[in-house]
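Let me begin by presenting the structure, written as structure tokens, before commenting on it.
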Amino acid sequence: MNKQRRWRAAAVAGIVVAMTATTVILGQGTSSAASTLGASAAERGRYFGVAIAGSRLSDSTYATIANREFNMVSAENEMKLDATEPNQNQFSFGAGDQIVNWARNNGKQVRGHTLAWHSQQPGWMQRMEGSSLRSAMLNHVTRVATYYKGKIHSWDVVNEAFADGSSGARRDSNLQRTGNDWIEAAFRAARAADPAAKLCYNDYNTDNWSHAKTQAVYRMVQDFKSRGVPIDCVGFQAHFNSGNPVPSNYHTTLQNFASLGVDVQITELDIEGSGSSQAEQYRGIVQACLAVTRCNGITVWGVRDTDSWRASGTPLLFNGSGQKKAAYDAVLAALNSGQPNPSQSTGGPSTSPSNPSGGGCTATYSEGQKWNDRFNGQVTVTGSSNWIVTVTVSSPQRVIATWNTTASWDSSNVMTARPNGSGNSFGFTVQHGGNWTWPALTCRTA
């Protein structure tokens, strides 16, 4: 986020598409409308996050709202280059740790923002160029991503690398002058440092599908995917105002990027305005995200209007006193009216077969009901009625309930399921601990 920009904005209408999902529930009733943003988003396989400033966490109203309403946290400034490496090779993680630890202690995930950026560089980096700068940038990416390995849901690996205007060119920056492959190099370094984190490219003014900047970012992502460069997601900052409305093709933009095989995330949302107009703009943004299966989360850039870098424009969901605004009500209503997202941000199909060759049987996994802290899975076996299915979940996941099977556990994350006379389909509930990854299946005959 660069506070010197002027932003576009306003209303967008999205169509919420209905998704089918298996709804086997063990010991639970159907869920009612959620009462907080994070809980409602989680029921739809998404997150609803907020940018946090460590200096404000001592404000009880601020911290209470942040803890109650959101299930994803970004650091406003504490994880940027100048904060994490103020002197070359002298890393400072205290401010970032405050944000990360607060989030994790309160059961939230963390978006890392940001590893490589032309802005907010420490003075020593601003004075560097060429191969020295390239090496320093890659060292920074590696050291910071390694330090936070296992704690980050998504990293904004590279931020704002494209120029505004009609050229579709890269931004002229000290990083760009190290060579046109610097973005690719940063992504490869980040993947090597933390293989589990989603790696995102993040930018602003990429909302209109017809704009040159949007097309340029799209071509880069398309190229990266075709060559195996490790990019998992694209972030759309979404700082809007009433002067320039969100284009009618906003949903098209999100969907076209998602169709490349990446997640799309709304990363820094704020909308200047007030009352019903602002509320409907927020509603439209949420609906647009819900309409794209791979739009897996929304983050607002601040808690209350008075905490915003654009405070005079009252752009957030809570007023300065911490009271919910009409925009909040519109967002929660839009989330609660959305359908569960069957892909859980993986972008895959709603079912996945195990080892179709060999073993004498095939087990197919179907996603089921989802809640804030757990999800159901259903397994259907074909090829044999005398089967043994091994279900492996990823840490910190654990299976907490099963049905229509006789189950035993080889370890805390490996379950063996056998027929119990109920047919060739069984189910289970996974307490996910923030990890929505599908279980792995293998099937063999007894």
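Read-outs throughout are calculated quantities, based only on the coordinates presented, and are distinct from any laboratory measurement. All values derive from a computational prediction rather than experimental measurement. Please note: Cβ atoms are built from the backbone with ideal geometry, for glycine as well, and neighbour counts cover all protein chains shown.
Tabulated values for the structure
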quantity: 0 to 90° range, to nearest 10: angle between helix 60-69 axis and the chain longest Cα axis; calculated: 40
quantity: Cβ-defined net charge surrounding W117, 9 Å radius [Lys, Arg +1; Asp, Glu -1]; calculated: -1
quantity: The chain: mean projected area of Cα convex hull, nm²; calculated: 21.5
quantity: Net charge of neighbours whose Cβ lies under 15 Å from the Cβ of H251, counting Lys and Arg as +1 and Asp and Glu as -1; calculated: +1
quantity: DSSP beta bridge pairing in the chain, given as percent antiparallel to the nearest 5; calculated: 55
quantity: Within the chain, helix-based [θ] at 222 nm, where runs of 4 or more DSSP H residues each add -39,500 (n - 2.57), nearest 500; calculated: -8000 deg cm²/dmol
quantity: For the chain: relative contact order, % (alpha-carbon pairs under 8 angstrom, 6 or more apart); calculated: 18
quantity: Rg over Rh, two decimals, the range 362-445 (C-alpha only, Kirkwood Rh); calculated: 0.94
quantity: Candidates N435, N180, N67, ranked by Gaussian network fluctuation over the chain, Cα under 10 Å, top entry; calculated: N180
quantity: Close Lys-Lys pairs in the chain, where close means Cα under 21 Å and separation is 8 or more or interchain; calculated: 14
quantity: Among 209-220, 69-80, the order from most to least packed when residues are scored by Cβ within 10 Å on average; calculated: 69-80, 209-220
